Amino acid sequence: MFCRGVIRFGTKVSNHETYARNSSHLAFIGVGNMGARMATNLIKKGEVLRIYDVLPSNSKAVEGAQICNTPDEAVKDASVIITMLPNGDIVKDAVIGEKGILKSAPKGSLLVDCSTIQPQVAQELSKISKDNGINFLDAPVSGGVTGAQAGTLTFMVGGDRQVLSSVEPVLLKMGANVHHCGKPGAGQIAKLCNNLILAITMIGTAEGMNLGIKMGLDPKVLASIINVSTGRSWSSSTYNPVPGIIENVPPSNEYKGGFAVNLVAKDLGLAEGVALSCNAPVPLGAAAHQLYRTLIANGYGNKDFASIYQLLKGNQ
Ligand code: NAD
């Protein structure tokens, strides 16, 4: 079977003839807040999935998947292996560690890392994978748990364009947009730029909402004004940090699930590292990093990042 893949690169769109997968199942490693929802969409859209997570209770959330007890069990015979893990150290260990994926992944298979990690680690893993006869793409995502649930994620991909063509139909079962960003690591660079902006706009939204509410405005009225005015952003329109404004998002569920403060702080640290390497000033990113770290110091590390609103609101 041949399929057509569409890859967006900058403003250009091109078509590539791609080759078919030669195995009936995919492997998915790491089914937490994002991974469980992405894996569920793959199953709903007809994929056969073997999943592995260090926390067996998380695997149970993915209905219809074959739950594996080891990464080895999940990846052997898989044509495509997707990882969605917390950070670069964990991804590195999962891929090239003692019981790493590369030890049991079939030659010619494709490893797609959707986690947000250091671009240099993605480059290193791409090279080691290639040396072991395995293709590698860094493909971090944007859209949060709401996008993961709805299957509307944006994938930012670094690595070989033709390899991306081969897997694009699979990515489009979890997302609405697939962008080729360039060489290995380029997807991670795009992702860190996006999250730098996201982290800052979430604080800005929380600050403006808190100010208006403390001055007596109705939170819903203020939110609806912002959303048709120049203060609008994803943080205000899709994920307003004030509880009760938008249903079914973490701010309306005690900041449970979602995008953990620990993870946004990790991403800001990575963005600062990249910024240092090319002398790009990121003053607001640095301030945002310190604010989220303050939130962690106050016990919010595992809460959703929109809980920055609670820090600004205080206890009054
Ligand atoms: P999470 O902590 O909810 O999920 C990570 C999962 O990986 C957990 O289930 C954990 O048990 C599992 N895990 C940890 N080590 C493992 C290992 N060695 N082998 C197998 N499983 C292991 O995190 P998340 O929110 O799903 O985020 C995952 C990645 O996606 C992170 O890199 C994050 O920065 C990125 N991301 C998150 C969001 C979001 O809104 N949550 C959005 C975009 C990108």
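The values are calculated or read from the model by the stated rules, or taken from the named source; none is laboratory data. Note that this is a predicted model, so its numbers are computed, not measured. Heads up, the Cβs are rebuilt from the backbone with ideal geometry, glycines too, and the neighbour counts pull from every protein chain shown. Note: accessible area is taken over every heavy atom of the protein model, side chains too, but ligands, DNA and RNA are not part of it. Shrake-Rupley method; radii C 1.70, N 1.55, O 1.52, S 1.80 Å.
What the table below lists for this structure:
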item: Extreme residue, farthest from residue 153 (Cα to Cα), among residues of the range 214-246 that are open to solvent by 50 Å² or more (accessible area, probe 1.4 Å) and aliphatic (A, V, I, L, M); result: 215
item: Residues satisfying the stated conditions in the range 153-180, i.e. closer than 23 Å to residue 271 by Cα and either away from the ligand (no atom under 11 Å from the Cβ) or open to solvent by less than 10 Å² (accessible area, probe 1.4 Å) (or both); result: 153, 155, 157, 158, 159, 177, 178, 179, 180
item: Number of positions in the range 181-221 that are of a type in the set (Lys, Arg) and either under 30 Å from residue 168 (Cα atoms) or within 16 Å of the ligand (Cβ to nearest atom) (or both); result: 2
item: Within the range 58-68, tally of residues that are in a loop (DSSP other than H, G, I, E, B) and open to solvent by less than 30 Å² (accessible area, probe 1.4 Å); result: 3
item: Selected residue (only one of 284, 276, 270, 211 is aliphatic (A, V, I, L, M) and surrounded by 18 or more Cβ atoms within 10 Å (Cβ to Cβ)); result: 270
item: Pick from the range 110-152, criterion in a loop (DSSP other than H, G, I, E, B) and more than 13 Å from the ligand (Cβ to nearest atom), ranking: most open to solvent (accessible area, probe 1.4 Å); result: 132
item: Residue match in the range 84-106 (condition: part of a strand (DSSP E or B) and buried (at least 16 other Cβ atoms within 10 Å of the Cβ)); result: no
item: Test: residue in the range 230-252 that is touching a residue at least 60 places away in the same chain (Cβ under 8 Å), assigned to a loop (DSSP other than H, G, I, E, B), more than 16 Å from the ligand (Cβ to nearest atom) and under 23 Å from residue 314 (Cβ atoms); result: yes
item: Given (1) within 16 Å of the ligand (Cβ to nearest atom); (2) at pLDDT 95 or above; (3) not polar (S, T, N, Q), number of the condition residue 99 does not satisfy; result: (2)
item: Complete set of residues in the range 69-83 that are away from the ligand (no atom under 13 Å from the Cβ) and either crowded, with 24+ Cβ neighbours inside 10 Å or not polar (S, T, N, Q) (or both); result: 76, 77, 78, 80
item: Out of 301, 257, sole residue that is touching a strand residue (DSSP E or B) at 6+ places or on another chain (Cβ under 9 Å), at pLDDT below 95, surrounded by 14 or more Cβ atoms within 10 Å (Cβ to Cβ) and not aliphatic (A, V, I, L, M); result: 257
item: Pair list, Cβ under 9 Å, 6 or more apart: the range 64-85 residue more than 16 Å from residue 43 (Cα to Cα), other residue of a type in the set (Phe, Trp, Tyr) and away from the ligand (no atom under 11 Å from the Cβ); result: none
item: Residue check, residue 222 farther than 22 Å from residue 293 by Cα and not polar (S, T, N, Q); result: yes
item: Out of 107, 127, 99, sole residue that is in contact (Cβ under 8 Å) with a residue 40 or more places away in the chain and in the same structural domain as residue 71 (by TED's automatic domain parsing); result: 127
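Yes/no matrix, rows are residues, columns are (1) within 16 Å of the chain's Cα centre (by Cα); (2) farther than 13 Å from residue 30 by Cα:
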{"residue": "45", "(1), (2)": "no, yes"}
{"residue": "66", "(1), (2)": "no, yes"}
{"residue": "69", "(1), (2)": "no, no"}
{"residue": "80", "(1), (2)": "no, yes"}
{"residue": "103", "(1), (2)": "no, yes"}
{"residue": "111", "(1), (2)": "yes, yes"}
{"residue": "118", "(1), (2)": "yes, yes"}
{"residue": "127", "(1), (2)": "no, yes"}
{"residue": "147", "(1), (2)": "yes, yes"}
